[in-house]
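Taking it in order: structure first as structure tokens, then the write-up.
Every read-out reported here was derived from the displayed coordinates using simple, explicitly stated rules and does not represent laboratory data. Please read these numbers as outputs of a predicted model, since none were measured by experiment. Ideal geometry is used to build each Cβ from the backbone, glycine not excepted, and the neighbour counts take in all protein chains shown.
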């Protein structure tokens, strides 16, 4: 009984801290750019969500395009994201690559083609889901985004998630998982676990680009995607992650910090796994 009460208090503390950080950072960021910070209700209908996403995209494209970080200097297109504005399932990757920069669409290169096949294998169509990235502009030579770039661009994907309100967000790769979850854990430790996130659930798995380099990992990703598919088809989202116990390197509840606005992975070093 005492342990359950302690866990409940811990969960409440996490939730309160998360809410405070999210609101504080959001207000400070919006005020810094002269935006209206009065609370608004999130859109609910498909049409309203589509209009809200269009307004957000127009904000990014205004006056020659976003210049919040230096990535604008080498980009061809801002890759906003695409898909069903009322999607129950959303995929979030790291950043556009060369093909995405040329076409202005997310996940259209080899990794994107693999993601499309994964989505279809789950029984969905690409147009059924929504696909976006933490970063909207291609980093030079596809390098890992810096902390400053994530801090500048990160709020946009969080706004997209807030508008769409998917039941499940799938974080593809280390950058997306660490940025959204505010954790330094590897995808190896995080993958396959449903976590509470922005009113829904988040599950991290390997990036499709990682699968192209390491085909043996496709089996693990497919196991993750079956969990996602089954949860959506049964309309029965799993309970929140309550922590793993056991051997060294495994994730424990207290080491997965609550998601927060402008989340970044803790060090400048590039993750070794995608």
Compare the peptides 69-80, 168-179 by average per-residue count of other Cβ atoms within 10 angstrom and give them in order, highest first. 168-179, 69-80
Distance cut-off 19 Å, percentage of C-alpha pairs in the range 88-233 lying past it: 47 percent
Can you compute the modelled spin-label distance between residue 230 and residue 117, with each label point 7 Å from Cα toward Cβ, in nm? 2.4 nm
Label model pair residue 162, residue 110: point-to-point distance (7 angstrom along the Cα→beta-carbon line) in nm is 3.8 nm
What ranking, highest mean first, results for peptides 53-60, 143-150 when packing means the other Cβ atoms within 10 Å averaged over each residue? 143-150, 53-60
